Amino acid sequence: MTNSETSNSEEGSNKTLVRTLIIIGIGIPVLVELLTLFNLVNVQIFNDKTDQVQRRSQPDQAVEFTEGDTLFTKSNYPVVISGMQINVSAQEWVFELEFRPSDTTMQATPLVKVDSLRLKNGDLLRRGQEWSASQSKSMRWTLPNGQVPVKLYLSGKELITEDSVRNIHEEVPLGSIPVRYTRKTQR
Amino acid sequence: MTFLHKFPKAAKVSKANFIVAFIALGLGGFFGFIQALHRTGVFRGFFNSGEYYTLLTGHGVLLALIFTTFFIAGLFVWGVTRSLEREPENMTFTWSWFWIMTIGLVMAAVAILGGLVPNGSIRAAVLYTFYPPLQAHPMFYIGLALVLIGSWMAGADWFWSYRKWREENPTDRIPILTFMTLFTMLMWYVCTIGLAIEVVGLLIPWSLGWVVEIEPLLPRTLFWFFGHAVVYFWLLPAYYVWYAILPKLSGGRLFSDSMTRIVFIIFLILSTPVGYHHQYADAGISLGFKFYAMATTMLLLLPSLMTLFTVVASMEHGARQRGGKGYFAWVGKLPWDRPAFVGCALAGIMFAAGGFSGMINAGMNVNLLIHNTLWIPGHFHLTVGTAVALTFMAISYWLVPQLTGRKLKFKTLALIQPYTWFLGMTLMSNAMHRAGLAGVPRRTAEPEFNTNAMSFDPVFGTMGEMKWQIAIGGTILLISLILFLWVITTSWLAGEKSDKPVDDYIPEPLSGVEHTPAVLDNMKLWFALALILVLLAYSFPLWEMIQDGIFEPGALPRPS
Amino acid sequence: MAENNSSSSNKSDPSQSWEQQNPEIEREIGIEEYQPKGTLTFTLMYLGLVVLMWLFMYFVEFGGNAPSIIE
Amino acid sequence: MHIHKFERFWIKLSFGLIAFFIASVIYGFVAMDLKVIGDYQTIDPQNLGETEFGTPGVRKVTKNGQTEYEVYVQTIQFAFQPGTARPITVPANTRVTFYITSPDVLHGFEVAGTNINTMSIPGQVAKLTTIFPESREYGLVCNEYCGPAHHIMEGKIKVVPKSEFDKSNLVQ
């Protein structure tokens, strides 16, 4: 790279450079804008709303669990999500989850465990919490700022006989979780 | 002899301002790149979505408030000193406004970046509009107030130089560079009344806990008292470059001195009473005032349309002097191989496009189509993000050599830079405008619907395609920014020393000052008229808002 | 860049105009002679484009975007 | 003053353009029912419980012998009430008036892809009337930054045919 602008060879390569720059740097932008204008007018005026039907088709919704829903419904110790909320303050995001036994819980002492949380960005938050399905249990996780859980991984230990245990795993996709502002309490 | 050798003291002040401006540009631009990747969902690994707003605040404050203010200060020091041919009157005073502004900037920046410290208590994720009741750390508001006070002192410094010059030259007309500086600063004084009342009168006492409740609409209205005029505070220095320097870079002369002065006068008069056009969608402001604001906003199109004519005519004059012919062919004779020219010219073209989306924004009802959608950042990345920022970058290629006495290095990279900026910005802002039409909101870390199985419906194309257009555009902009900073830094530190690093001569206008009516230089008259129009727009509604108490109906603060 | 190599002498001879000293400039065009017809053409084209796009945005995009605020 | 005749012409055209813009806004406002909200009333944001906003939801009213609906919406950090936990359900082709306010910070109330777009400001009640022309679901977006979980604040408006409108969910 030289600073001279007068030498002939430099002038020639400079011309090519300027031409390339103009084609890429101005040509593409002009093309993009013209295409935009053409498409806008074309869609709105000439084939109005052809994609109306298509655009309203929604992705198949998997069953999602929210507050009040029951887990382990097929077992004899179902538990109910009795509370689920994210408390947001300026400093931290806290996910609070509460379970209570369902009215139909039969077995007295099965153990249930939340193994981990899957966050929206794909990260896994491991911090197991185990409790007896016949009792209520509340638990909290500090989330990375801005992240919401999308899935719970639970496991249950069912006593079949005195000394044989059956493990059940359940994936629980979460629906909309209320997110509320809280002033952070100084601890 | 170049500026550095004639006015070494002023050159030092200008350089100090430019250094701060370029650091803010680099940091703020980098935040912008992260945002482009984050909000499109292309890559969200840099920061969490909760921290996005800290970056967004940093991006807005560093670029829109800090980069602009410091660059403008540097530019005006250069222009006033050069055109009045005198160094600043008192260097202690000059340096004191620079340091007050810098201390303020550091305080605001620390408050903002504190938000990235886990569990930190110093935070200011309130974006650059800082609407209460969202509350930042007091340091943020105090820092902004210091930047404001420093900028007032800077303006006073230039008026001081002008008065001294006037004593020695009682009959001369105000030189055009000084004229544009003084009128821009007069407008700044008018519009910052609102900001000063908001920040010093309401927000600082409130953030310190001296008052608890705050009425959200009043500070919001005071912010927009300032908030649209501030865009002209950014834009007028770009016009200053286009009027004063761009004609010469094109090989010609400014078309008309009197038109230039008239345009600046109209901006002084009309810039402030338009603020309600940012509040068309607000409750609590009656339709009459919204309409008044629309009428003044639309009238403000006039000076920009006049600028379009005068500036393009000046460029055409240059092209024809360089041998251009015909109705269109003359464009090819412009120096498309000179970075300073190319940057200014492309910035002007972008401004014409941004002008159109601005016209839509100004339409009182059509505004609702795009209010607070991504269209708005799309618009102001064309105006302040390109018309202003690219002009400032381009003219740096011409100014920095004068201030440092060193020739520009890496001229090829310097030439590539404005073209890449233009390309990146077209891609990004085109997609932003289109996404805005589909209803995608601005100022959000994750614009997609999270839990409802809903989606935005673009008029044409797909959301996925727009997302990539924004991400790629943002990446190209980052590359362009790095090129700029590389060229400027290396030239500044290691450029070849020269007595005449650039041709800094500015020829007289075609229609010179001898054709310009004297009344145009009557600053008192125009300043008074500006104040009257502001009073008409704001006195009654503000009075109405404070009827029930300045802090009533009050809301409680929410730390951000 | 905007400089040209020979212009280092440009203020040395005050009788010559800036244009006469600048080798890139082929002819000097005075104010009486200069007709910015290219500028007028471009600005008229811009005006036409703006009016068309406004009509489209206002009456098609906005007018056809119900529901709207009717009161 | 020396103004070139082309420039004089251009300035006249510019005035024409400005007049044209203002005229088309007025025309849309008056003839096409494309309006913006004005001043309605102030409210104490810390005591919304004592007002209609305390029981937010859809209400039936009769105006001029016509059945209309009123929707009181609280925008809170970080939800529309109603709108987020359950959709705002209203009938199509019927006048619906929204009253929107906020107890905490500024929010936006944007029905995505339509012209319904307003701010929700603590202390101020935004009042707007509209008619939904078709039965479909609309996304509801908060388009003003309202705090760290702003991006999570969203909701839904469900417009159903008049005949299918379930009046049992109305607020009394």
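For every residue, the table says whether it meets (1) of a type in the set (Ser, Thr, Tyr); (2) part of a strand (DSSP E or B); (3) open to solvent by less than 10 Å² (accessible area, probe 1.4 Å).
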residue	(1), (2), (3)
B:Ala73	no, no, yes
B:Trp78	no, no, yes
B:Thr102	yes, no, no
B:Phe140	no, no, yes
B:Gly143	no, no, yes
B:Gly155	no, no, yes
B:Trp160	no, no, no
| field | Among residues of region B:120-138, those that are more than 14 Å from chain D (Cβ to nearest Cβ) and surrounded by fewer than 22 Cβ atoms within 10 Å (Cβ to Cβ), counted | value | 3
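Just to be sure before I move on: is D:Glu50 open to solvent by less than 40 Å² (accessible area, probe 1.4 Å) and over 30 Å from C:Gly48 (Cα atoms) in the structure I sent? It would help to see each step written out before you state the result.
Values: open to solvent by less than 40 Å² (accessible area, probe 1.4 Å): no; over 30 Å from C:Gly48 (Cα atoms): yes.
Against the criterion (open to solvent by less than 40 Å² (accessible area, probe 1.4 Å) and over 30 Å from C:Gly48 (Cα atoms)), D:Glu50 does not qualify.
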| remark: In region B:511-553, anything assigned to a loop (DSSP other than H, G, I, E, B) and either modelled with pLDDT under 85 or touching a Leu at 6+ places or on another chain (Cβ under 6 Å) (or both) is listed as B:Gly512, B:Gln547, B:Asp548, B:Gly549, B:Ile550, B:Phe551, B:Glu552, B:Pro553
| query | Restricting to region B:162-177, what's the tally of residues that are assigned to a helix (DSSP H, G or I) and more than 19 Å from the chain's Cα centre (by Cα)? | reply | 8
| Hits in region B:331-346 (condition: at the interface with chain C (Cβ under 8 Å from one of its Cβ atoms) and open to solvent by 10 Å² or more (accessible area, probe 1.4 Å)) | B:Val331, B:Arg338
| task | Please tell me if B:Val147 is among the aliphatic types (A, V, I, L, M) and either in contact with a strand residue (DSSP E or B) (Cβ under 7 Å, 6 or more places away or on another chain) or crowded, with 19+ Cβ neighbours inside 10 Å (or both). | result | yes
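Go through region B:210-221 and give me each residue that's touching a residue at least 40 places away in the same chain (Cβ under 8 Å) and over 18 Å from B:Ala362 (Cα atoms).
B:Val211, B:Val212, B:Glu213, B:Ile214, B:Glu215, B:Pro216, B:Leu217, B:Leu218, B:Pro219, B:Arg220
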| said: Tell me which strands (runs of 3 or more DSSP E) are completely within region D:1-111 and hold 1 or more residues being within 14 Å of chain A (Cβ to nearest Cβ) and touching an Asp or Glu at 6+ places or on another chain (Cβ under 7 Å), or say none if there are none. | reply: D:66-76, D:107-111
| Odd one out for A:Val172 among (1) open to solvent by less than 70 Å² (accessible area, probe 1.4 Å); (2) modelled with pLDDT under 80 | (2)
| remark: Within region D:112-132, the residues that are of a type in the set (Val, Ile, Thr), in a strand (DSSP E or B) and more than 7 Å from chain B (Cβ to nearest Cβ) are D:Thr129, D:Thr130, D:Ile131
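Restricting to region A:103-143, and then to whatever is in a loop (DSSP other than H, G, I, E, B) and either open to solvent by less than 60 Å² (accessible area, probe 1.4 Å) or in contact with a helix residue (DSSP H, G or I) (Cβ under 7 Å, 6 or more places away or on another chain) (or both), can you tell me which residue is modelled with the lowest pLDDT?
Restricting to residues being in a loop (DSSP other than H, G, I, E, B) and either open to solvent by less than 60 Å² (accessible area, probe 1.4 Å) or in contact with a helix residue (DSSP H, G or I) (Cβ under 7 Å, 6 or more places away or on another chain) (or both), the top hit is A:Gln107.
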| note | Across region A:1-36, the tally of residues that are modelled with pLDDT under 90 and either closer than 26 Å to B:Ser357 by Cβ or assigned to a loop (DSSP other than H, G, I, E, B) (or both) stands at 7
| query | Counting only residues that are of a type outside the set (D, E, K, R) and surrounded by fewer than 22 Cβ atoms within 10 Å (Cβ to Cβ), how many does region D:75-89 have? | reply | 5
| So which of B:Ile546, B:Ile532 is open to solvent by 60 Å² or more (accessible area, probe 1.4 Å), under 30 Å from D:Asp104 (Cβ atoms) and among the β-branched types (Val, Ile, Thr)? | B:Ile546
| task | Scan region B:283-304 for residues that are touching a residue at least 24 places away in the same chain (Cβ under 8 Å), under 24 Å from D:Phe9 (Cβ atoms), open to solvent by less than 40 Å² (accessible area, probe 1.4 Å) and aliphatic (A, V, I, L, M) and report the count. | result | 4
| task | State all residues of region B:404-424 that are in a helix (DSSP H, G or I) and open to solvent by 10 Å² or more (accessible area, probe 1.4 Å); if no residue qualifies, say none. | result | B:Thr404, B:Lys411, B:Thr412, B:Leu413, B:Ile416, B:Thr420, B:Trp421, B:Phe422, B:Leu423
| query | Any residue at all in region B:473-490 that is among the aliphatic types (A, V, I, L, M), part of a loop (DSSP other than H, G, I, E, B) and open to solvent by less than 10 Å² (accessible area, probe 1.4 Å)? | reply | no
| Test for B:Ala518: is it open to solvent by 40 Å² or more (accessible area, probe 1.4 Å), under 21 Å from B:Ala244 (Cα atoms) and more than 10 Å from chain D (Cβ to nearest Cβ) | yes
| Residue under evaluation B:Val117, criteria (1) more than 30 Å from D:Ala149 (Cβ to Cβ); (2) open to solvent by 20 Å² or more (accessible area, probe 1.4 Å), criterion not met | (1)
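For region A:45-98: of the residues being among the charged types (D, E, K, R) and within 30 Å of B:Ala125 (Cα to Cα), which is modelled with the highest pLDDT?
That would be A:Glu96.
The values are calculated or read from the model by the stated rules, or taken from the named source; none is laboratory data. Please read these numbers as outputs of a predicted model, since none were measured by experiment. Ideal geometry is used to build each Cβ from the backbone, glycine not excepted, and the neighbour counts take in all protein chains shown. Heads up: the accessible areas ignore ligands, DNA and RNA and are worked out on the full protein's heavy atoms, side chains in. Shrake-Rupley method; radii C 1.70, N 1.55, O 1.52, S 1.80 Å.
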